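The values are calculated or read from the model by the stated rules, or taken from the named source; none is laboratory data. Computed from a predicted structure; not experimentally measured. As a convention, Cβ positions derive from the backbone with ideal geometry for all residues, glycine included, and neighbour counts pool all protein chains shown. Just so you know, the surface numbers come from the protein's heavy atoms only, side chains and all, with ligands and any DNA or RNA stripped out. Shrake-Rupley method; radii C 1.70, N 1.55, O 1.52, S 1.80 Å.
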Amino acid sequence: MKTLLRAARATPFLLLLFCTAIQAQTTGYSGTGNNIDVKYHRFEWTLNPAAAKNIAGTVTTYFKTTQANVSNISFDFAKVSFDNRDLIVKYHGSTAGVVVTWPTSGNTNILKIKLPVTLAVNTLDSVSISYSGAPPDFSTYGEGFDKQNITGLGVALYTLAESYGDDDFWPCKADMQDKIDSVDFIITTPSAYRAAANGKLISDFISGTNRIMTYKHRYPIASYLVAVAVADYIVYNRAPVNISGTSVPITYFIGSGRTPTTTQLNTMDYCRDQLVAFSNKFGDYPFKNEKYGMYEFGWGGGMEHQTFSAMGWSAMNSWSVIAHELAHQWFGDKVTFATWNHLWLAEGFAKYSEVLAAELVTSMGKDPVSHRTSIKATALSTTTTPIYLSQASIANSNTIWTTPNNNTLYQRGAMVVSMLRKLAGDAKFFQALKNYLADPALAYKSATTENLRDHFEAVLGYDLDSFFQDYIYGTGNPAYDIKWGSAANSKSINIELTSQRRSASSTVPYFRTPVVLKISGSTKDTTVVIYDENGKVSYAGNGIRQSHTGNVLGYNLSFVPTSVTVDPNAETLVRGQETAPFGTSWIAASTIGKVTRLNTPPIYVLPISIIDFKGTNTANGNALSLLIASSDEKITIEAERSTNGTSFSSIGTMIKSTSAESGVLYLLMDRNIGTENLFFYRAKTVDEKGIVKYSKVISLKKERLSEGVSINPNPVIDHINVVLSNGWEQGRVGITLFNDAGVTVKREQVNGAPRMQLPVSHLPAGNYRLEVVQQGGKTINKRFLIVR
């Protein structure tokens, strides 16, 4: 759902889950459809914003029986609006033998249908329900089906079914664990209007005074995500996005009364870069064979309708709302929460994905730390409401969408996601998410909190039940004072977590939690993650490993530490501060306050910190360079090559070249490039603990060997030789050097001599381009690498 608090009709009465035998077979709280598996819906609706609020049409439902001897089926449907003479239920095109009833008390919004036959188990069959009426008005939250006149948009009909508003406008089985396999929309409107709906637009034509639009959606969808809107829209088809070879159409439906500026359209287009970034991290966009788009509707926030997010105008111009609703296509749409209790699986991840968007899509110019800091502040202020929603909290839309629930689902939920990332490290974090989203038991189905936990445990190889129990089902937050010690001028440090304090309203006796610390020196710093489990602490940040009894851990650094800061980038729900250091004699046993350290804790060597990985095409092959932070540990660095950017193999060990304050440089020349035109490279580091890290992936395209000009050596340290032949020595020659950013660093005119020597010892290490221009305009470019 949404980046703002939502609106929705309160269901008059909802039975508790599993309170009767009939409900034990469904997660739908009304118990409808407990004996069928819904396969397909065809929506044939007539909608006219210019008329009174009304919906008319036919919903045809294909289902498969899940029990023997089925002669009665049921759907969630608003009795007050559609129990009228326009309601006609047909079985195989006939009303003969069909009996329709509604409950007279309790939850009356259940359409009960007695079929004229008795169906065996696993029978595929269908019914058609024709109806007309005015959907009910909503109260406070969850609009269902609404009509509004919005400046710029005009008069519009639109739906917003989350949480319990789907039965406001169509007969459905409101059960996230029985997703509809596919749907079709055939929407008739006056010709001045257009309809927005889930899926791919198949046809749009004028028939007389009407417009008829057909959409097909061929992915499983939860009933609350089925959506339609009708207004006087202008369609903006933007440049498609390539996702793993599939061209995904990008479409915006905007009110005809608006004229979006270039800046506004560019903001909307952030979704294009976010789509690529999220696909890289979560797996391909789940609905790439159809479309992604946004359409304007009458509510002020956003709603993640599958393939087509509904957005208020201000939301359509908000980078964070755009990122939020797009992320829901993975978290909430592809994998839906099994019951409303687990709603954080959608909202927490969508909220955190706003931070990811700021981090990954740098062209937006947004600060992820600032955004996350705001999220943490709100999360810390929510101390009495657990993330897991109780049965009372999910009784109706009004009880779900309260401010405390909103804060815990979105803000606290996002911080739990952030803490999982800090525990796991990026490689394991995103691998766990990809596994979760691709799990055949969950993909295009639904999940619980425990399903997510299991996937993180599988990747980390560690029991996370305590962490999930504390932060998902408990309330409150932890705090520490941090003590540290280091011998004079030593590059080793001990860190002590003092006794954990918890907020006054906490229901958790002790939070099993990650603690993120920034260790700073005079010119360098590094970040470490400690996992505290009340009696033992573990090194974390690349999984959880090397547990140690007590509350003190030691680290080997590449610099002398001068200070320690608790969670400076707001990545956990931990609060704390640095207190007075241990002192300089930390190797010996000592007493610190009330904590006695009886022995020296294990010393952990921090993983290699990769600064940059570069490559350049030369006449001798592809020259590769890796810059890492200075480190005293023993490491192995290999260069890996690929022809497709996916499958890599080692091409040799990179050799240490030089060391400086900026780091240590490793080099390798790949001479065996054959006839291939394009290669992908990455560097692989393995430290003495066996921890593996990979650099970014770079690509190098083979340049055609330039006739008449050659350079050597390459890579170069002090000077480069430029050799001219085949007529290049005739007349004056212009030589220009450009650095990797394209900035001119040297330019001169020389008389064409067969061999010239250019000093480069004054230039910093990096990739450069040499441009040689003959009098008359002939130009050749050569690339080379300077190392130090």
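PRO764 fulfils the conditions (1) open to solvent by 20 Å² or more (accessible area, probe 1.4 Å); (2) assigned to a strand (DSSP E or B); (3) at pLDDT 75 or above except for a single criterion, (2). Only one entry of TYR510, TYR473 meets the criterion of being of a type in the set (Ser, Thr, Tyr) and crowded, with 16+ Cβ neighbours inside 10 Å, and that entry is TYR510. Within the stretch 404-427, identify whether any single residue is open to solvent by 40 Å² or more (accessible area, probe 1.4 Å) and over 17 Å from the mean Cα position of the chain (by Cα), and answer yes or no. Yes. Looking at VAL241 and the list (1) assigned to a strand (DSSP E or B); (2) touching a residue at least 60 places away in the same chain (Cβ under 8 Å); (3) under 23 Å from the mean Cα position of the chain (by Cα), which single condition is not satisfied? Evaluating VAL241 over (1) assigned to a strand (DSSP E or B); (2) touching a residue at least 60 places away in the same chain (Cβ under 8 Å); (3) under 23 Å from the mean Cα position of the chain (by Cα) leaves (2) as the failure.
Right, GLN329: in contact with a strand residue (DSSP E or B) (Cβ under 6 Å, 6 or more places away or on another chain) and part of a loop (DSSP other than H, G, I, E, B) or not? Spelling it out, it is not the case that GLN329 is in contact with a strand residue (DSSP E or B) (Cβ under 6 Å, 6 or more places away or on another chain) and part of a loop (DSSP other than H, G, I, E, B).
Of everything in the stretch 375-400 that is open to solvent by less than 20 Å² (accessible area, probe 1.4 Å) and touching a Gly at 6+ places or on another chain (Cβ under 7 Å), the residue that is nearest to ALA350 (Cα to Cα) is ILE387. Scan the stretch 179-201 and give yes if some residue there is outside any strand (DSSP E or B), closer than 28 Å to SER446 by Cα and touching a Gly at 6+ places or on another chain (Cβ under 9 Å), otherwise no. No; the residues of the stretch 179-201 include none that is outside any strand (DSSP E or B), closer than 28 Å to SER446 by Cα and touching a Gly at 6+ places or on another chain (Cβ under 9 Å).
Here is the figure for the stretch 259-313: residues that are open to solvent by less than 10 Å² (accessible area, probe 1.4 Å) and assigned to a loop (DSSP other than H, G, I, E, B) total 10. If you take the residues of the stretch 428-447 that are open to solvent by 20 Å² or more (accessible area, probe 1.4 Å) and among the hydrophobic types (A, V, I, L, M, F, W, C), which of them is nearest to SER695 (Cα to Cα)? Selected residue: ALA438. For the stretch 183-222, the set of residues classified as within 25 Å of the chain's Cα centre (by Cα) and open to solvent by 10 Å² or more (accessible area, probe 1.4 Å) consists of LYS200, ARG218, TYR219, PRO220, listed by residue number. Scan the stretch 357-382 for residues that are assigned to a loop (DSSP other than H, G, I, E, B), β-branched (Val, Ile, Thr) and free of Cβ contacts under 8 Å to residues at least 60 places away in the same chain and the total you get is 1. Before we move on, is GLY645 without any contact (Cβ under 8 Å) to a residue 24 or more places away in the chain and outside any strand (DSSP E or B)? In short, no.
The conditions of being touching a Gly at 6+ places or on another chain (Cβ under 8 Å), touching a residue at least 40 places away in the same chain (Cβ under 8 Å) and either in a helix (DSSP H, G or I) or closer than 28 Å to ALA222 by Cα (or both) are met by LEU437. The set of residues in the stretch 270-285 that are out of contact with any Gly (no Cβ under 9 Å at 6 or more places or on another chain) and farther than 12 Å from LYS434 by Cβ comprises TYR270, ARG272, ASP273, GLN274, LEU275, VAL276, ALA277, TYR285. Among the residues making up the stretch 609-642, those that are open to solvent by less than 10 Å² (accessible area, probe 1.4 Å), hydrophobic (A, V, I, L, M, F, W, C) and in contact (Cβ under 8 Å) with a residue 60 or more places away in the chain are PHE613, ALA623, LEU626. Residues that are among the hydrophobic types (A, V, I, L, M, F, W, C) and either touching a His at 6+ places or on another chain (Cβ under 8 Å) or open to solvent by less than 30 Å² (accessible area, probe 1.4 Å) (or both) number at least 2 in the following strands (runs of 3 or more DSSP E) confined to the stretch 98-168: 110-119, 124-133, 154-160. The residues on offer are VAL100, VAL117, and the sole one that is free of Cβ contacts under 8 Å to residues at least 40 places away in the same chain and among the hydrophobic types (A, V, I, L, M, F, W, C) is VAL100. Please tell me if PHE559 is in contact (Cβ under 8 Å) with a residue 12 or more places away in the chain, under 25 Å from SER490 (Cβ atoms) and assigned to a loop (DSSP other than H, G, I, E, B). Taking the combined requirement at face value, the residue satisfies it. The selection criterion, being more than 20 Å from TYR224 (Cβ to Cβ), in contact with a Pro (Cβ under 7 Å, 6 or more places away or on another chain), in contact (Cβ under 8 Å) with a residue 24 or more places away in the chain and in a helix (DSSP H, G or I), holds for LEU423. Picking from residues in the stretch 300-323 that are of a type in the set (Val, Ile, Thr) and in contact with a helix residue (DSSP H, G or I) (Cβ under 9 Å, 6 or more places away or on another chain), the one that is farthest from ILE254 (Cα to Cα) is VAL321.
Please state which one of ILE472, ILE493 is more than 32 Å from the chain's Cα centre (by Cα) and β-branched (Val, Ile, Thr). Selected residue: ILE493, the only one of ILE472, ILE493 that is more than 32 Å from the chain's Cα centre (by Cα) and β-branched (Val, Ile, Thr).
Total residues in the stretch 426-460 satisfying the condition of being among the charged types (D, E, K, R) and more than 18 Å from PRO286 (Cα to Cα): the figure is 6.
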